[in-house]
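Engineer: Here's a structure for you.
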Amino acid sequence: MAPRVEIHYCTQCRWLLRAGWMAQELLTTFSDTLGEVALVPQKGGVFTVYVDSELVFDRKTEGRFPEMKEVKQLVRNKVAPSMNLGHSDTVVKSKTTDAGTQLDEACPNE
């Protein structure tokens with residue numbers, strides 16, 4: 001059975017476009033590997049990514065949104081470990097302020 005990716009996103013925070021864009025990118029990159037990418041509406045500031053029911057990214061735990069290439073790497077590591085992602089295989093650098101804290105969009109409903 002082909003792998004399934006789920007992107008859970010907060011409807012109150014209006015993160016559907018971000019989740020939809022991420023789904024589109026994953027379906028394009030893994031067109032011959034993934035069986036499904038599902039968008040799962042949630043509440044409470046949720047933005048998580050699962051591969052075959054295994055959590056691979058959680059915005060609340062990480063304190064930030066993932067970069068697209070980071071998500072591609074996390075998904076690739078689960079579904080096609082030997083796949084070359086080209087420029088998406090470079091190290092992901094998190095965005096930080098001068099004080100060293102990571103930037104994130106706050107959800108007023110958390």
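We did not get these values from a lab; they are worked out from the coordinates using the rules stated. Quick caveat: nothing in here was measured; it's all calculated off a predicted structure.
Engineer: Using amide H atoms built 1.01 Å from N in the peptide plane, name the residues 5+ places from V37, or on other chains, whose amide H lies under 5 Å from its own.
Structural biologist: Hits under the 5 Å cutoff: V5.
Engineer: Tell me which residues come under 5 Å, amide H to amide H, from C13 once H is placed; ignore anything under 5 positions away on its chain.
Structural biologist: G45
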